[in-house]
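The values are calculated or read from the model by the stated rules, or taken from the named source; none is laboratory data. Computed from a prediction, not measured in an experiment: that's the story for all the values here. Positions of Cβ are backbone-derived with ideal geometry, glycine not excepted, and every protein chain shown enters the neighbour counts.
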Amino acid sequence: MKRLRVDRWTGQLLVARSSQRGCCLAAGGALRSARSDQHYIPVRSQSTAVSYPFSEATETSFATTLQVPQDPSELPSPIPERALHSAKLASLHARLSLPKKLPIQTLARTLVDASADENPQFNNINLAFVGQTVINYHVSEYLMIRYPRLPMEIVWASMRGFAGIAPLFQIARSWGVESASVPGGEVDPGLLQFTTEKPGVSLTKFGYRRTEAMYLEKYKWRRGISNRVVFDDDFGESVDVTPGSEQTAHEAEMRKKERKEDEDEEENEYSMRRYGDDETRSLAEKAHAHFVRAVVGAVYMHCGRDTAHNFIKAHILSRTLGLSSLFSFKKPTMELALLCDREDFDPPVARLLSETGRQSRTPVFVVGIFSGKDKLGEAAGPSLDHARLKAAMNALKAWYLYSPGEHIRVPSEMLADGAKKWDPAYIDIGEIISR
Amino acid sequence: MTIRALTQVSTGRNGVGAFVLQCKKLEFHYCDWAGSSKGMNIFIKTLLPKFAAEHPQIEFNVSPRPAKHPLVTGHYINGHQKPICVRNLEPTAILQKVKLLRDASGEKLKRVHKPVTSINPSVRGVWSPYHGNGMAV
């Protein structure tokens, strides 16, 4: 009997179950049935264990599954064995200081986007889903504990600022990840593989589709905050699948067929390829973001919850975002009056603290807003009204950006063993809902 | 009216959380015939393996470039490259150049006029003529 090579197994942790391997083989067989000149069907497996159709462990079948396909460009993505020989991949693993528990083959898998390889056992879609969940959880708990009075719109905007597609794209670029021009089985496994030709598969988001979703789109109805808290995803965006947003591959094909019928032209694969417009840019950003999410997912799966939390704190939460610049007010004086009324403060009064150049072309008025003897906010402006409005905005920001401290315990710390007793976190009544 | 939100992306601060070395690849070009490449050839045989083992986060690429001077090129995360011709240098001098490339970011060399560079506003506050006791004239 052929000696089982244990050293080839050590890297391959996420072993596919036999039924899934059967599906993989069936898909592989169907895709490659066109090539009749090959004497065997090249099989990709995630493990070197025997595949499902060859359930009897014979020498010949074992040897067949271990063979590398003659032409790697037949495959949509590089085989896992090639990950061991990629310098780019090894350097990426060390640059991110990833633990040794995370195998390099999994890191290679995180670089394969669903648009490059549709097989979910070889692309990063599932790891990206896990990573997205973990990232959104930790970022949202950080925001809610550290800024308990933040209005919901600002929470969503900060979520987008820390964990949205744009910052994750920047993070991927800051890690020195390059992308392959065209994905395929022969590319370096250390390159991010994706294509902008087709949108690929979108990540599942937590949310619900409204029954009136079609009318919301058509008549541009307003989505209220409470409604969005219940129905929408972590970033306040609706989870409906609409043309132009993240689509499934099936819908993209349907749209392509419609476009074909409209244009009524000869379809040349390379002549009408789009390059360098907004949609290709957004698809590229999305692929990079999915990669970052997949890395976090891989860290979570292989190394555990605490390591993933530390990774997110190091790479995502260490970034800086000025929350005060996210606010946009409509009627700050009215909002401040309502706030003082709710909190049983004295009604706010604007007082001129100092001024200069009233009759000149560049006056400066410094206005403070007082509630009784306490100054709530202060600002300088070129006119009295301007200064008063700015002072009201500063007062509201001072209220909403209250923070119990920089080094505050988050709820997920209680999941660790031997955690100290939990002090109740400050939970706010909510923002001012103006009339 | 409820508060509306503006869109803004967070800014990375390399080193505050995780530190990512900005040099991601070093290319070494040598020549077996040229005399200027003698030091480089010795460097590649003796000093480079240890240096490469100490820096797993850098991708090392060694390739011959016949009839040309020896060259070391650093590739950085911001997409820039820094080539250094190491003709007629001793191996230790080449190692110094390689360390220079490793320590650099890809940015162009700029003269720094101020002692402190920061994205944070001043710690004690900017002076204002409208606050405080004013100035006696």
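Might you let me know whether region B:21-37 holds any residue that is out of contact with any Asp or Glu (no Cβ under 8 Å at 6 or more places or on another chain), among the basic types (Lys, Arg) and at pLDDT 95 or above? No - not one qualifying residue is present in region B:21-37. Restricted to region A:399-427, and to residues there that are part of a loop (DSSP other than H, G, I, E, B) and within 18 Å of A:PHE327 (Cα to Cα), the residue that is nearest to the other protein chains (Cβ to nearest Cβ) is A:LEU401. Of all residues in region B:121-131, exactly one satisfies the criterion of being under 17 Å from A:PHE365 (Cβ atoms) and of a type in the set (Gly, Ala, Ser), namely B:SER128. Flag: B:GLY79 does not match the condition of being within 16 Å of the chain's Cα centre (by Cα), within 17 Å of A:SER91 (Cβ to Cβ) and surrounded by 15 or more Cβ atoms within 10 Å (Cβ to Cβ). Among the numbered conditions (1) more than 8 Å from chain A (Cβ to nearest Cβ); (2) within 22 Å of the chain's Cα centre (by Cα); (3) within 30 Å of A:ALA172 (Cβ to Cβ), the only one that B:SER63 does not meet is (2). Quick check, is B:HIS75 within 30 Å of A:LEU321 (Cα to Cα) and either in a strand (DSSP E or B) or aliphatic (A, V, I, L, M) (or both)? The answer is yes for B:HIS75. Can we say B:VAL72 is modelled with pLDDT of 95 or more, within 30 Å of A:SER179 (Cβ to Cβ) and either surrounded by fewer than 18 Cβ atoms within 10 Å (Cβ to Cβ) or within 13 Å of chain A (Cβ to nearest Cβ) (or both)? No; evaluated as a whole, the condition is false for this residue.
Suppose the filter is more than 22 Å from the chain's Cα centre (by Cα), at negative phi and away from every other protein chain (no Cβ under 14 Å); does B:ASN88 pass it? So B:ASN88 fails the test. Looking at this structure, is A:ALA87 at pLDDT 95 or above and more than 14 Å from B:PRO56 (Cβ to Cβ)? Spelling it out, it is not the case that A:ALA87 is at pLDDT 95 or above and more than 14 Å from B:PRO56 (Cβ to Cβ). Residues in region A:293-316 that are farther than 15 Å from A:ILE104 by Cα and within 13 Å of chain B (Cβ to nearest Cβ): A:THR307, A:HIS309, A:ASN310, A:PHE311, A:ILE312, A:LYS313, A:ALA314, A:HIS315, A:ILE316.
Scanning region B:86-102 for residues that are within 17 Å of B:LYS50 (Cβ to Cβ) and not in a helix (DSSP H, G or I) turns up just one, B:GLU90. In the set (1) over 14 Å from the mean Cα position of the chain (by Cα); (2) under 30 Å from A:MET393 (Cα atoms), the condition left unmet by A:PHE311 is number (2). Of the numbered criteria (1) over 42 Å from the mean Cα position of the chain (by Cα); (2) modelled with pLDDT under 95; (3) in a loop (DSSP other than H, G, I, E, B), the one A:THR362 fails is (2). For region B:18-46, residues that are at the interface with chain A (Cβ under 8 Å from one of its Cβ atoms) and either aromatic (Phe, Trp, Tyr) or surrounded by fewer than 18 Cβ atoms within 10 Å (Cβ to Cβ) (or both) total 0. Sort out which residues of region A:344-357 are modelled with pLDDT of 95 or more and not in a strand (DSSP E or B), and write them in order of number. Residues satisfying the conditions are A:ASP344, A:PHE345, A:ASP346, A:PRO347, A:PRO348.
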